[in-house]
């Protein structure tokens, strides 16, 4: 009986210690980004990442996610991935802006495994003409199994990381098909 009590106390202490582990930091950095064979004849002047207004959102961004950190982390990860990809030409006379609007970060409220869905609108805008060269809503998921960590918050945060990484990765793949000479929405402004 005393042995059984010691085992239960040890198990309870392990559960408490595992539950006290810090959740992982936000890390949207995309792994395994290689140099692109395609090149876009444009220099990226600015990258802007914002959250959608309530009237344009396609889901929720939970308050506990520290919204400003989400946008900052997304921007840093996108910049890092594009730098590694080397798809843009820094010495080009064509100047563009990349605007990202996070439309949703849908996290399940509870569960053993967590699958988070992110939706973001990516736009590439020609700075001299105002033409929208590319626009697309990208949707991606990130799943963390129940055995990843004891603490649900840890699994939830990691599922957000994975979903954002997958979202950025899908945009990077689409970049290789962008033709700056064929904007999706040309501008009436002449050069």
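Region 27-76 and region 98-133 have Cα centres lying 7 Å from one another. For the chain, modelled as a GNM whose springs connect Cα atoms under 10 angstrom apart, the maximal fluctuation among 75, 37, 129 occurs at 37.
For the chain, give the share of DSSP beta bridges that are antiparallel, in percent and rounded to the nearest 5; count only bridges with both residues there.
Details: 23 of 32 bridges.
If we restrict to bridges inside the chain, about 70 percent are antiparallel.
The angle between the Cα long axis of helix 2-19 and the main principal axis of the chain comes to about 20°, on a 0 to 90 degree scale. Where is the GNM fluctuation largest for the chain (alpha-carbon springs, 10 angstrom cutoff): 24, 108, 54? Its mean-square fluctuation being the largest, the pick is 54. Using log10 I(q)/I(0) by the Debye sum over Cα atoms at q = 0.10, 0.17 Å⁻¹ as the read-out, say which of [x] -0.40, -1.25; [y] -0.49, -1.08; [z] -0.38, -1.12 was calculated from these coordinates. The listed entry that was calculated here is [y]. The angle between the Cα long axis of helix 67-85 and the longest principal axis of the Cα atoms of the chain comes to about 60 degrees, rounded to the nearest 10.
Where a number appears in this text, it was derived from the coordinates with a stated rule and is not lab data. Keep in mind that what you see is a predicted model, and the values were worked out from it rather than measured.
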